[in-house]
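The values are calculated or read from the model by the stated rules, or taken from the named source; none is laboratory data. In this text the structure is predicted, and so the values were computed from the model without any measurement. Cβ atoms come from the backbone with ideal geometry, glycine included; neighbour counts cover every protein chain shown. With ligands, DNA and RNA removed, areas are computed over all heavy atoms of the protein, side chains included. Shrake-Rupley method; radii C 1.70, N 1.55, O 1.52, S 1.80 Å.
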Amino acid sequence: MPATDHPTELREWIAHRVAAYLECAPEAIDPGVPLSDYGLDSVYAFVLCGDLEDHLGFPVDPTVVWDHRSVEELSAHLAGVAAGHRADPPETAP
């Protein structure tokens with residue numbers, strides 16, 4: 001089960017991660033600004049997705065950062081994906 005999958009909590013978590021990458025205060029990250037405007041490139045997208053996978057407990061394709069360009073869009077999308085993962089029944093062995 002994801003550690004934090006509420007959109008608001010996830011938005012704050014992502015903003016903190018982005019701020020850590022940029023070595024700035026989390027308050028400096030505007031959730032509506034595209035991540036590319038902060039200078040985050042494909043390397044950071046891969047790192048962020050790895051951190052998200054660890055945090056949420058399911059695979060996150062790096063293209064999601066380009067499809068959902070801001071912290072706000074990304075957190076809303078991933079919260080929905082996390083909800084779907086909770087709704088999926090666990091697989092059972094035959």
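Below are the figures for this structure:
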read-out	value
Net charge of Cβ neighbours under 11 Å - reference GLY32; Lys, Arg +1; Asp, Glu -1	-2
Assigned charges on the beta-carbon of Lys, Arg, Asp, Glu; the chain dipole about Cα centre (debye)	100
Peptides 67-76, 25-34 ordered by average Cβ neighbours within 10 Å, highest first	67-76, 25-34
Accessible area of the chain belonging to carbon and sulfur atoms, whole % at 1.4 Å probe	54
Interchain or long-range residues, amide H under 5 Å from SER70's placed H	LEU35
Theoretical FRET efficiency, 1/(1+(r/R0)^6), r = Cβ-Cβ of THR63 and ALA25, R0 41 Å, to 0.05	0.90
Helix 42-56 axis, angle to the chain major axis (alpha carbon atoms, nearest 10°)	40
The chain - accessible surface per residue (Å², probe 1.4 Å)	58
Simple Cβ-charge dipole of region 1-50, Lys/Arg +1 and Asp/Glu -1, about Cα centre, in debye nearest 20	120
